[in-house]
Amino acid sequence: MQTSVSIKDLSLNFGSVKVLEHLNLDIAQGEFIVLLGPSGCGKSTLLNCIAGLLEVSDGQIFINGKNVTWKEPKDRGIGMVFQSYALYPQMTVEKNLSFGLRVAGMPKDEIKARVERAAEILQIGPLLQRKPANLSGGQRQRVAIGRALVRDVDVFLFDEPLSNLDAKLRSDLRVEIKRLHQRLKNTMIYVTHDQIEALTLADRIAIMKNGVIQQLADPHVIYNKPTNLYVAGFIGSPSMNFLSGTLQGEIFTADDGTKIPVGAYDFAAPAPGSAKAVLGVRPEHIFLGDAANAMPFKTPAEIEIVEPMGSETLAWTKVAGIPVTFRCSSDIPLAVGDKVTIGFDIARGSLFDAKSENRL
Amino acid sequence: MSQTATMAGSPSVAHDDVVEARGPRPKPFFTPKKIMLYTALVFFSLYYLFPLYVMLTTSLKTMPEIRFGNIFALPQAPNFDAWVKAWTSACTGLNCQGLSPGFWNSVKITIPSTIVSIFIAAVNGYALVNWRFKGSEVFFAILIFGSFIPYQVMLYPLVMITRELKIFGTLQAVILIHTVFGMPILTLLFRNYFASLPQELFKAARVDGAGFWRIFFEIMLPMSLPIFVVALILQITGIWNDFLFGVVFAGTQNYPMTVQLNNIVNSAQGTPEYNVNMAATVLTGLVPLTVYFVSGKWFVRGVAAGAVKG
């Protein structure tokens with residue numbers, strides 16, 4: 001597979017603050033990459049570096065095999081969509097779309113054809129003569145995408161494009177972006193702090209923290225085999241339950257002495273002799289009733305809080321003295337104070353070294 | 001539901017004279033608070049308008065009537081003779097052409113100075129916000145510091161500089177001085193305004209391939225109308241009202257209106273013609289006054305817009 005964007009040893013400092021440090025990332029042709037992380041993790045900075053809006057302190061950026069490290073944004077073959085849409089307020093939608101083409105001095109009929117094509121793809125034809133102020137949030141974001149579309153770029157850069165929209169519109173546009181990607185097959189780099197967007201859209205997710213990519217993998221692996229404690233805690237809502245304790249052979253002993261057999265766990269390396277460790281189990285990998293009895297570890301528990309979510313119910317309880325959430329079908333009647341038996345699906349859990357925080 | 005029902009059922013029984021509260025609360029006009037507020041407002045308005053009243057009435061009177069002594073009285077037979085004289089034939093020093101040459105001199109000074117200074121300051125502000133260069137912060141600090149230096153300190157050096165440039169005593173000299181002195185405050189104004197515009201617009205324009213001037217003229221300027229109005233008002237009134245630079249740099253034949261007004265009012269010959277002086281003063285103040293009246297709303301909006309970010 002041909003690489004579309006390749007970042008080599010990229011560093012960026014603002015004064016003495018190191019925002020990105022020796023970052024490497026190869027993105028394949030037509031791939032949808034999501035840069036995911038909390039605010040301040042450097043994901044938007046990285047995107048701005050790729051766009052050429054920020055000068056890098058060290059390292060190289062290649063787009064389609066060409067070194068663009070010193071190139072102006074317009075010469076990089078990229079289009080960018082911003083969180084605040086960044087539509088030129090005094091121009092109509094049509095002028096907004098064609099601005100870049102007019103700057104490039106493209107012939108009028110060519111501009112017209114491209115604007116019409118973009119308007120057709122994004123279904124904004126009837127809006128062409130309106131000003132951005134007279135558009136809804138979703139329409140504005142479509143125009144912003146159209147502005148990248150008309151320029152026929154190789155790489156689309158999205159900087160939290162859906163964060164300013166309400167929840168309903170966000171999920172609608174999310175699907176549209178996915179559809180657009182399937183139709184255009186361009187490389188897309190998408191920055192977000194929303195894990196649902198990341199998991200639904202990405203071919204691969206790069207989870208970032210403090211300017212370093214923690215894990216780069218497809219959504220399934222990210223979710224099920226997080227490489228370290230940070231990724232495990234960041235992905236998933238409600239987040240993974242963590243029990244700290246000691247791992248001895250195939251027995252995990254929680255801090256309060258509860259023994260949990262972890263023989264079913266798929267260790268990356270042979271189980272270490274004895275070490276401080278953290279056991280992580282996702283809420284949907286904790287089961288009730290009959291299903292619990294089939295699990296390698298089961299324990300009686302008392303329900304403390306019940307959160308009905310409609311399609312499912314979240315329940316809070318305590319295991320080994322630590323609050324634990326689990327998910328169950330909303331058909332199961334649960335009430336506060338109920339005594340139940342819950343079982344952990346250890347095979348799908350995660351074990352981390354308490355010191356290095358890496359997956360075992 | 002049941003609560004509303006009981007409340008609707010048993011109101012006026014308990015208090016016959018009290019109206020049951022419903023809908024918007026009544027707002028009586030004559031409350032002590034409002035009376036005090038409006039009294040104070042009216043009082044201070046009169047206080048500030050009074051000099052204007054005296055000016056206008058006196059300018060419409062004849063000299064004998066003024067000598068009669070009651071400056072607060074309305075003119076018995078209002079006429080514009082004094083205004084005509086002030087405009088066309090009052091003596092400013094040796095010339096007796098009235099204020100009109102001064103008016104046109106002021107126009108010739110104000111228009112180019114305003115346009116040039118605002119244009120340069122707008123570009124400055126835009127560059128300082130969007131095209132950060134090495135030392136741009138230092139440059140800005142120096143520029144701002146410039147606005148704190150008293151004019152008097154720089155007066156003599158400036159005289160020498162304009163003399164060396166061979167423009168001392170010309171319109172160009174006074175226009176140059178006004179442009180330079182307008183720079184710090186106007187740059188600050190524009191910088192703050194541009195800083196309040198979303199940075200992403202600028203980034204989007206760069207991705208679209210637009211350069212320095214294209215972004216300035218096609219993206220930034222169309223969005224800056226409010227701040228341009230503020231800058232226009234500041235510069236027009238400031239330069240129109242200037243006396244010092246006009247008297248020092250413009251040269252006798254180019255004296256602006258303010259200087260000629262001074263010459264009329266302070267002329268030592270004969271009895272002072274109060275009606276002509278007053279008329280001349282009102283005439284001189286008319287331009288700034290008009291500017292304020294016409295653009296008041298824009299001014300407030302622009303100042304508020306420029307104050308968002310520091």
Partners for B:LYS134 among aspartates and glutamates (Cα-Cα distance below 16 Å; same-chain residues under 8 apart left out): A:GLU55
Gaussian network model of chain B, springs between alpha carbon atoms under 10 Å - residue of B:GLY102, B:GLY23, B:GLY209 with greatest fluctuation: B:GLY23
Backbone HN-Hα couplings from phi across region B:44-52 [Karplus 6.51/-1.76/1.60, Hz, Gly and Pro as x]: 6, 4, 4, 4, 7, 7, 4, x, 4
³J(HN,Hα), Karplus 6.51/-1.76/1.60, whole Hz, each residue of region A:80-89, x for Gly, Pro: 10, 10, 9, 4, 8, 6, 6, 7, 6, x
Reachable lysines, given that their alpha-carbon falls under 20 Å from the alpha-carbon of B:LYS108 and they are not under 8 places away in the same chain: B:LYS166
Two-site label geometry, B:VAL42 and A:MET106: point separation in nm, points 7 Å out along Cα→Cβ: 6.7
Cα centroid of region B:157-197 to Cα centroid of region A:166-201, whole Å: 52
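With a Förster radius of 30 Å, plug the Cβ-Cβ distance of B:VAL54 and B:LYS34 into 1/(1 + (r/R0)^6) and report the FRET value to the nearest 0.05. Could you put the intermediate results ahead of the total?
Numbers: r = 31 Å, r/R0 = 1.02.
The pair B:VAL54/B:LYS34 has a calculated efficiency of 0.45.
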Sequence-distant lysines (8 or more away, or on other chains) whose Cα lies within less than 17 Å of A:LYS112: A:LYS95
Helix-only [θ]222 nm of chain B, DSSP H runs n ≥ 4, -39500 (n - 2.57) each, per residue, nearest 500: -22000 deg cm²/dmol
Separation of the B:ASN79 and A:ALA269 label points, Cα + 7 Å toward Cβ, nm: 11.1
FRET E, pair B:GLN199, B:LYS166, Förster distance 41 Å, beta-carbon r, rounded to 0.05: 0.35
Ranked B:SER147, A:SER39, criterion: other C-beta atoms within 10 Å, fewest first: A:SER39, B:SER147
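Quick check on the exposure proxy: order B:HIS178, A:HIS193 from fewest to most C-beta atoms within 10 angstrom. All intermediate terms of the calculation are to be shown ahead of the outcome.
Values: B:HIS178 24, A:HIS193 18.
In increasing order of surrounding Cβ atoms, one gets A:HIS193, B:HIS178.
So what is the 222 nm mean residue ellipticity for chain A from helices alone, if each DSSP H run of at least 4 adds -39500 (n - 2.57) and you divide by all residues, rounding to the nearest 500 deg cm²/dmol?
Numbers: 9 runs with 91 residues, N = 360.
The helix-only estimate for chain A comes to -7500 deg cm²/dmol at 222 nm.
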Isolated Cys residues of the protein assembly as shown, judged by Cβ distance under 4.7 Å to other cysteines: A:CYS41, A:CYS49, A:CYS328
Point-to-point label distance, A:ASN293-A:ARG117, nm (Cα→Cβ direction, 7 Å offset): 6.4
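Cα gyration tensor of chain A, axes a ≥ b ≥ c as square roots of the eigenvalues: rounded (a/c below 1.5), prolate (a/b > b/c) or oblate? Could you put the intermediate results ahead of the total?
Numbers: a/c = 3.04, a/b = 1.82, b/c = 1.67.
Since a/c reaches 1.5 and a/b is larger than b/c, the shape of chain A is classed as prolate.
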Rounded Å value of the spacing that divides the Cα centres of region A:220-268 and region A:1-51: 29
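Sort region A:155-210 into rounded, prolate or oblate with this rule: let a ≥ b ≥ c be the square roots of the eigenvalues of the Cα gyration tensor; rounded if a/c is under 1.5, and if a/c is not under 1.5, prolate when a/b is larger than b/c, oblate otherwise. Display every interim value, and only then the final one.
On the way: a/c = 1.68, a/b = 1.03, b/c = 1.64.
Since a/c reaches 1.5 but b/c is at least a/b, the shape of region A:155-210 is classed as oblate.
B:LYS134 to A:LYS95: FRET efficiency via 1/(1 + (r/R0)^6), r the Cβ-Cβ distance, R0 35 Å, to the nearest 0.05? Show your work: numbers first, answer last.
On the way: r = 35 Å, r/R0 = 1.00.
Computed FRET efficiency for B:LYS134 and A:LYS95: 0.50.
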Cα gyration tensor shape for chain B, rounded if a/c is under 1.5, else prolate or oblate: oblate
Separation of alpha-carbon centers, region B:90-144 and region A:303-342, rounded to whole Å: 72
Cross-link pairs beyond the 23 Å C-alpha cut-off, checked among A:LYS178/B:LYS203; A:LYS43/A:LYS74; A:LYS168/B:LYS203; A:LYS209/A:LYS298; A:LYS8/A:LYS43; A:LYS259/A:LYS318: A:LYS178/B:LYS203; A:LYS168/B:LYS203; A:LYS209/A:LYS298
Label zone at A:ALA133, where the point sits 7 Å out along the Cα-to-Cβ direction: region A:142-171 residues whose backbone N lies under 13 Å: none
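Just so you know, all these numbers are worked out from the coordinates, no wet-lab data involved. Predicted, not measured: the structure shown is a model, and the values here were computed from it. All Cβ positions, glycine included, derive from the backbone under ideal geometry; neighbour counts span all protein chains shown.
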